[in-house]
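Input: a single structure, listed below in structure tokens.
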Amino acid sequence: MFISVFDIFKIGIGPSSSHTMGPMVAAGRFLQDLREAGLAPAGAPARIQVSLHGSLAFTGKGHASDRAICLGLAGHDPATIDPDCVAAEMERLARDCRLEIDGIGTVAFDPAQDLVFDYGPPLAGHANGMIFRALDASGTVVAEDTLYSIGGGFVVSAEELAAQDDLMTQTQEAGAPYPFGSAKEMLKMGADSGLSIADMKRANEIARAPKGVDVDLDAELDRIWDAMNACLQRGLSGEGELPGGLKVKRRARAIHEKLLGEAGKNRPFQHTVMDWLGVYAMAVNEENAAGGTLVTAPTNGAAGVVPAVVRYYLDHCPDGCREGIRTFLLVAAAIGGIIKANASISGAEVGCQGEVGSASAMAAAGLCAALGGSNEQVENAAEIALEHHLGMTCDPIGGLVQVPCIERNALGAVKAVTAASLALRGDGSHFVPLDSCIETMRQTGLDMTDKYKETSKGGLAVNVVEC
């Protein structure tokens, strides 16, 4: 299973990669399956119905999963949709209760009736399950898809999910020149080849590009960073309350303005650099909470950590440059791919250790590499960051990706820089291997009760309300 840098870093719409981007992608996939089914006129779909299960049901409204399903069925893609058109599209669908589907025609779909949040037991395959059904004029089901949103915008069928599980212990990047599926393999291949992690990941990306396609990898990496930075800049200029009813106010702009005002003062606090890290991360995640366009890193809920640390590298580290950012992103993606292949990046599977924890490990590794760290120091940086997120629950208040998610990204960024710094102070040797830490995260996720895995049935999600 090859996990590309473009799988880890995907441009899409907020507030959630698994609950917004994934369902939108799943809806589009269902429409494509309908087209390919070639249903006869007598069995042509007259109505579409969708049910959301598990975590998608319990926090789907707060994560805008219902909106995502509607937009996906209306033909929109999370990577290209204009967030400013969403409200009008939802009003039209609520009014007309029908879809105009290319290659199929007019199909009835009433979001109030045909989109069901099923609060019963989750589907067997994954905590984020969806069932799409097409019915003919008599009400008979003529097509059905069960799909799972497994984190980071990835969507799979039950068959694909089973195949992925079978591949968990196999080489991640089979067919690539450096097919590392674990950190141990990555370090050995680096030692044998004399190449850095970034160089090996670059070679893998080029080798696995579609035949006949000339990919300008540097240009694509620059596009990813430009999208991240654009989201960050929008977040630094945003004001007002975030949607959803919690009345959470955007804070990034005010904090940023204070930091700019203090920049020229004598005797600044040395810890002010943490405020810069925090405001960068908060800006991204406030924009995510508002439903803006951003980049999964590796998920929307954890999307602020990597861009915050990249901006720290550019703005606060000597010699920060575009080439360093490319190295950063390649290495971060390599670490994210290893974590995804051997554990999970989904809060619905393993809690927030799989989201902010993974993002912090990716950012720590990327920063360490950009600052000239050895392969062993890079692996050490990732391990330190991930180790100190183990056991972190996913307990969003009100099912919204706001509290504690926004500040949690800020702290994940601070931990990433600390981890990179500690690793660079050492020689790369350390007690706990990254692979052992990843396996610990997987096992911890299995032991964690469902109420702490993006269902808003435990932790802060209930205690703050009760208080």
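The values are calculated or read from the model by the stated rules, or taken from the named source; none is laboratory data. Remember, it's a predicted structure, so these values are computed and weren't measured experimentally. Quick reminder, even Gly has a Cβ in these numbers, built from the backbone with ideal geometry, and neighbours come from all protein chains shown. Ligands, DNA and RNA are excluded from the accessible area calculation, which covers all protein heavy atoms including side chains. Shrake-Rupley method; radii C 1.70, N 1.55, O 1.52, S 1.80 Å.
Of the peptides 97-107, 198-208, 277-287, the order by per-residue mean of other Cβ atoms within 10 Å, starting with the highest, comes out as 277-287, 198-208, 97-107. Could you give the distance between the Cα centres of the range 122-165 and the range 184-261, to the whole Å? Comparing the Cα centres of the range 122-165 and the range 184-261, I get a distance of 30 Å. Under the convention that each Lys and Arg Cβ holds +1 and each Asp and Glu Cβ holds -1, the size of the dipole of the chain around its Cα centre is about 1040 debye.
Look at the dipole of the range 9-116 built from charges on Cβ: of Q49, T80, G12, the Cα furthest out on the positive end belongs to Q49. For the range 36-180, the fraction of 1.4 Å probe accessible surface lying on carbon and sulfur atoms is 51 percent. A 1.4 Å probe, protein heavy atoms only, puts the accessible area of T80 near 110 Å². With log10 I(q)/I(0) by the Debye sum over Cα atoms at q = 0.07, 0.11 Å⁻¹ as the read-out, I listed [x] -0.34, -0.85; [y] -0.37, -0.94; [z] -0.47, -0.96; which label goes with the value calculated from this structure? Only one option fits the structure, namely [x]. Here's the picture: charge each Lys and Arg Cβ at +1 and each Asp and Glu Cβ at -1 in the chain, and of S374, A37, T418 the one pushed furthest to the positive end of that dipole is T418. Overall form of the range 284-443: oblate. Here a/c, set by the Cα gyration tensor axes a ≥ b ≥ c, is 1.5 or more, and a/b is not larger than b/c.
Backbone geometry of the range 78-88 corresponds, through the Karplus equation with coefficients 6.51, -1.76 and 1.60 at θ = phi - 60°, to 3J(HN,Hα) couplings of x, 7, 10, 5, 8, x, 6, 9, 5, 4, 5 Hz, x marking Gly and Pro.
Relative to the first principal axis of the alpha-carbon coordinates of the chain, what is the inclination of helix 252-262, with its axis defined by its Cα atoms, in degrees from 0 to 90 and to the nearest 10? With rounding to tens, the tilt is 20 degrees. Using a simple spin-label model with pseudo-atoms 7 Å out from Cα toward Cβ, A124 and R208 lie 3.0 nm apart. The packing ranking, built from the mean of other Cβ atoms within 10 Å per residue, places the peptides 140-146, 378-384, 406-412, 301-307 in the order 301-307, 378-384, 406-412, 140-146, highest first. Considering only alpha-carbon pairs that sit under 8 angstrom and 6 or more positions apart, the relative contact order computed for the range 170-297 is 21 percent.
Over the chain, DSSP H runs of length four or greater, each weighted -39,500 (n - 2.57), average out per residue to a 222 nm ellipticity of -15500 deg cm²/dmol. Spin-label pair E91-A162: with each label point 7 Å from Cα along the Cα-Cβ axis, the two points sit 4.7 nm from one another.
Alpha carbon centre of the range 313-336 versus the range 87-109: separation in Å? The distance from the Cα centre of the range 313-336 to that of the range 87-109 comes to 43 Å. Taking every protein chain into account, the 1.4 Å probe leaves F117 with about 30 Å² of accessible area, to the nearest ten.
Would you mind counting up the charge near H53? Only other residues with Cβ under 15 Å from its Cβ, with Lys and Arg at +1 and Asp and Glu at -1. Computed value for this residue: -3. Going by accessible surface with a 1.4 Å probe and the largest first, K457, K211, K184, K10 read K211, K184, K457, K10. Electrostatic tally near M448: other residues with Cβ closer than 14 Å to its Cβ, Lys and Arg +1, Asp and Glu -1, net -2.
Taking a straight line from the alpha carbon of K184, these aspartates and glutamates sit under 17 Å away, with near neighbours fewer than eight places off in the same chain left out: E173, D192, D199, E376, E379, E383, E387, D427, D435, E439. In this structure, the pairs whose alpha-carbon distance is over 29 Å, taken from K61/K258; K211/K340; K258/K340; K258/K451; K10/K211; K201/K457, are K61/K258; K258/K340; K258/K451; K201/K457. When peptides 365-376, 219-230 are ranked by their average number of other Cβ atoms within 10 Å per residue, the highest-first order is 365-376, 219-230. Computed about its Cα centre, the charge dipole of the range 111-162 is approximately 120 debye, with only Lys, Arg, Asp and Glu carrying charge at their Cβ. For the chain, the longest principal axis of the alpha carbon atoms and the long axis of helix 22-37 meet at an angle near 50°.
Here r is the Cβ-Cβ distance between D216 and T106 and R0 is 56 Å; the resulting FRET efficiency, rounded to 0.05, is 0.85.
Rounded, prolate or oblate: which one fits the range 377-452, using the alpha carbon gyration tensor with axes a ≥ b ≥ c (rounded when a/c is under 1.5, else prolate when a/b beats b/c, else oblate)? Note, shape of the range 377-452 comes out oblate.
Rounded, prolate or oblate: pick one for the range 244-316, where a ≥ b ≥ c are the square roots of the eigenvalues of its C-alpha gyration tensor, a/c under 1.5 means rounded, and failing that, prolate if a/b is larger than b/c, else oblate. Taking the square roots of the gyration eigenvalues as a ≥ b ≥ c, the range 244-316 is oblate. Take the Cβ atoms of F6 and N463, set R0 to 51 Å, and the FRET efficiency comes out at 0.85. Modelled spin-label separation between S421 and D84, with each label point placed 7 Å from Cα along the Cα-to-Cβ direction: 4.1 nm. The angle separating the long axis of helix 272-289 from the principal Cα axis of greatest extent in the chain is about 10 degrees. One decimal place: the segment D33-D450 gains 147.0 nm when fully extended, by the rule 0.36 nm per residue minus the C-alpha distance.
In the chain, Cα pairs under 8 Å separated by at least six residues give a relative contact order of 18 percent.
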